[in-house]
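The values are calculated or read from the model by the stated rules, or taken from the named source; none is laboratory data. In this text, all values refer to a predicted model and were calculated from it rather than measured experimentally. Using ideal geometry, Cβ is built from the backbone for each residue, glycine included, and neighbour counts are taken over all protein chains shown.
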Amino acid sequence: MADTVPLQKRGPLRSSWARARKARPQLILSRRPRCRLRVLRWCGRRRLRRRLLQAQAADADWREGGCLAPRAAAVVRPKTAAPSRPPSPPTSPTSDEDPIQGCSASLPIPPLRPAGPGRGVLLLPVERGFTFSGICRLTCLYGQVQVFGFTISQGQPPQDVFSTYTHSRLTINAVPYSMPAKSKREMKKEARTLLKAHLNQDDRSWLMKNFSPLCSIVMLENLKTSTVNFINSHPGLSNVFLQESPTFQIGSEYFALRSIGIRKEKKKNGLRLTESFLSALEELVSVSCEEVDGCSVILVCGAQDVGKSTFNRYLINQLLNSISCVDYLECDLGQTEFTPPGCISLLNITEPVLGPPFTHQRTPQKMVYFGKSSCKSNYENYIEIIKYVFGSYKREAPLIVNTMGWVTDEGLLLLVDLIRLLSPSHVVQLSSGRSKFMPNLTPDYVDDTDGLYTRSKSKVRNRGFLLPEFADSLEFGDEDKESPVSFTGHQLICVQTDFAFRKTPRNRESHNRVFRDLAVLAYLGQLQPAAPKPLQPLNGLTPYQVPFNAVALRVIHADVAPTHILYALNASWIGLCKILDDVRGYVNGPILLAQTPICDCLGFGVCRGIDMEKRLFHILTPVPPEELRTVNCLLVGAISIPRCVLKNQHGHEGMIPYVTTDYNLGIPGSSEEIGARETEATPKEKEKQHPKAKFYRKSN
């Protein structure tokens with residue numbers, strides 16, 4: 001054969017027109033010319049958007065024929081016919097219904113129908129889902145749906161759902177539910193009766209036309225809370241809850257979603273759960289609900305960014321489907337779930353967790369302020385605090401223990417100590433293809449490995465630190481002597497996760513810092529009046545006046561000279577604590593503590609200013625007054641106020657502080673380049689000095 005010239009492969013980069021042409025169906029029987037796919041310029045997008053908005057205002061369909069017909073339903077017209085408008089879809093029994101209904105067969109999910117300002121009705125067939133981003137209030141009107149593992153049935157109260165940009169998008173899944181033997185007509189009659197209290201006649205008629213057995217009907221409403229409004233008021237954080245993106249799929253569904261405050265997302269952007277993830281959840285829920293001889297203690301561990309927090313939230317929601325409450329022990333200082341960072345806490349959870357940590361700040365049963373986002377260089381105090389908080393666990397509900405993502409070197413040894421201290425019934429070890437190697441924490445491995453402060457079962461090793469729980473196993477003696485105490489074994493469950501990560505080793509610390517700032521902002525958002533009342537700047541809120549001689553002071557993260565203690569306290573994030581010692585009786589003040597106490601923390605606040613003449617601290621806090629009466633200690637840690645509060649706070653009238661670089665970071669206790677002072681400034685100078693940052697007063 002003659003030599004043939006091999007065809008050159010087409011490069012990986014093809015134009016959008018070539019890709020669209022290849023995906024276009026081959027048989028198109030119409031005289032309507034094809035519209036060449038091209039990239040619209042900015043002016044073209046503006047014209048298209050204006051045209052769409054005009055059509056929407058006129059209550060007309062810009063596509064002239066409603067929804068496009070499915071590809072298989074091609075219409076053949078005679079060659080002599082030359083219609084002035086495109087061919088209409090084939091006639092069917094539903095052709096005279098709502099245009100949204102006509103395209104429901106070709107869409108991957110059922111459409112959402114507007115049901116008034118800021119409201120929409122979602123019809124979900126069984127085992128179908130709706131992935132979205134944004135925040136909304138969800139009410140199940142008929143049937144049963146599941147969000148993030150929590151099942152919501154008809155008749156239950158509404159749930160606030162937060163599908164934020166910072167985490168995987170949430171999906172509303174219609175799940176099968178048991179129904180007595182009823183005909184479709186009886187089901188429709190029952191559904192119509194339930195919908196009368198929520199929808200008008202047109203919406204009910206649309207739902208009944210599209211109704212199918214075992215489907216679920218969900219109401220989505222616009223949600224505004226004081227915390228959400230407070231976070232959105234800071235520049236750069238308005239896209240946390242809903243990130244705007246250009247789209248050309250504009251129609252009635254688009255405007256309905258926009259009025260609610262959500263946006264439809266692709267399924268691939270939702271949460272991806274592996275088989276081992278689901279099987280571990282099923283096993284733990286079954287064991288926790290059937291436990292007879294005490295409650296199960298589930299310790300979740302793994303490297304950074306493997307999905308420990310996601311697993312904990314999903315497990316909490318799954319357990320709340322069967323039991324009334326779940327206990328939660330937070331041992332991760334940097335990425336706390338229900339409190340601001342730097343805390344070790346014990347909580348009793350009775351409501352589902354349907355969002356990231358900064359959307360569900362709650363009051364713990366027991367909390368100690370550690371003061372730093374890492375326990376490095378202070379392991380002893382970390383262990384002692386966990387032991388103190390864990391002592392309040394009453395074993396009346398299953399306990400979930402969240403641990404740090406530090407699982408190498410001393411972090412792994414510290415994790416072994418925690419397993420021995422807490423004696424969990426189950427250890428869930430998460431890993432992924434991107435995580436660092438971590439040995440399987442089997443009962444044999446824990447027994448044969450020395451911890452940071454405990455010894456293995458077969459060795460005796462003095463680490464120089466004694467715990468009462470480990471007194472028997474740490475007794476001094478022959479190194480070959482076997483430990484008389486055998487720790488109770490646990491069941492190891494290994495879970496392989498597969499999540500879409502935005503974090504990399506290079507930007508992980510910046511992401512974690514943003515999450516910590518969001519948690520602090522969410523806590524400060526509790527100071528705002530309930531929505532829909534307007535936001536108030538923090539400097540406009542009335543602070544509490546605390547005398548110098550009523551509280552003791554302590555800086556946790558550094559040794560600060562007594563002459564600088566008030567500088568460290570002013571404009572700082574402080575823990576409001578209660579110690580056993582009586583600090584009353586001192587005439588002047590301030591009262592300084594020589595060492596950091598292990599004491600209960602009742603909440604947090606901001607030292608807004610210090611009045612040296614009247615010897616008063618001015619403190620802003622959402623803690624109720626009845627609990628503030630028992631506060632007699634203020635702890636200052638390395639957790640700082642977010643800079644956006646100082647530089648971009650809502651409201652700018654009155655005294656104006658500024659952020660300066662003329663600040664000595666070498667002074668012990670200084671953790672932020674923050675300066676604040678009263679100044680008489682001209683309007684131009686006020687603009688240069690960040691006029692929106694007015695917040696603090698300087699101590700004299």
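For this structure, a couple of remarks:
- Among the conditions (1) closer than 23 Å to residue 405 by Cα; (2) out of contact with any Ser or Thr (no Cβ under 9 Å at 6 or more places or on another chain); (3) surrounded by 20 or more Cβ atoms within 10 Å (Cβ to Cβ); (4) not aliphatic (A, V, I, L, M), residue 508 misses just one, which is (3).
- For region 419-442, the candidate set comprises residues that are of a type in the set (A, V, I, L, M, F, W, C) and not in a loop (DSSP other than H, G, I, E, B); within that set, the residue that is nearest to residue 305 (Cα to Cα) is 430.
- Of all residues in region 358-369 being in contact with a helix residue (DSSP H, G or I) (Cβ under 6 Å, 6 or more places away or on another chain) and surrounded by 22 or more Cβ atoms within 10 Å (Cβ to Cβ), the one that is modelled with the lowest pLDDT: 358
- Of the criteria (1) modelled with pLDDT under 90; (2) surrounded by 16 or more Cβ atoms within 10 Å (Cβ to Cβ); (3) in contact with a helix residue (DSSP H, G or I) (Cβ under 6 Å, 6 or more places away or on another chain), which one residue 270 fails: (3)
- Of the criteria (1) outside any loop (DSSP other than H, G, I, E, B); (2) at pLDDT below 90, which one residue 160 fails: (2)
- Selected residue [assigned to a helix (DSSP H, G or I), among the small types (Gly, Ala, Ser) and outside the structural domain of residue 644 (by TED's automatic domain parsing)] from 181, 191: 191
- Matching option when the condition is within 26 Å of residue 277 (Cβ to Cβ) and of a type in the set (D, E, K, R), among 396, 380, 330, 384: 330
- Pick from region 423-440, criterion of a type in the set (A, V, I, L, M, F, W, C) and surrounded by fewer than 22 Cβ atoms within 10 Å (Cβ to Cβ), ranking: farthest from residue 297 (Cα to Cα): 437
- Residue within region 347-360 that is out of contact with any His (no Cβ under 6 Å at 6 or more places or on another chain) and more than 30 Å from residue 146 (Cα to Cα) present: no
- Boolean, residue 170 is more than 25 Å from the chain's Cα centre (by Cα) and closer than 27 Å to residue 224 by Cβ: no
- Residues located in region 291-324, provided they are surrounded by fewer than 18 Cβ atoms within 10 Å (Cβ to Cβ) and touching a helix residue (DSSP H, G or I) at 6+ places or on another chain (Cβ under 7 Å): 322, 323
- Some residue of region 473-484 being modelled with pLDDT under 90 and within 16 Å of residue 380 (Cα to Cα): yes
- So residue 338, is it crowded, with 21+ Cβ neighbours inside 10 Å and either farther than 20 Å from residue 490 by Cβ or in contact (Cβ under 8 Å) with a residue 24 or more places away in the chain (or both): no
- Checked against the criterion of being hydrophobic (A, V, I, L, M, F, W, C), in contact with a His (Cβ under 7 Å, 6 or more places away or on another chain) and either exposed (fewer than 15 other Cβ atoms within 10 Å of the Cβ) or farther than 20 Å from residue 356 by Cβ (or both), region 518-537 contains one or more residues that satisfy it.
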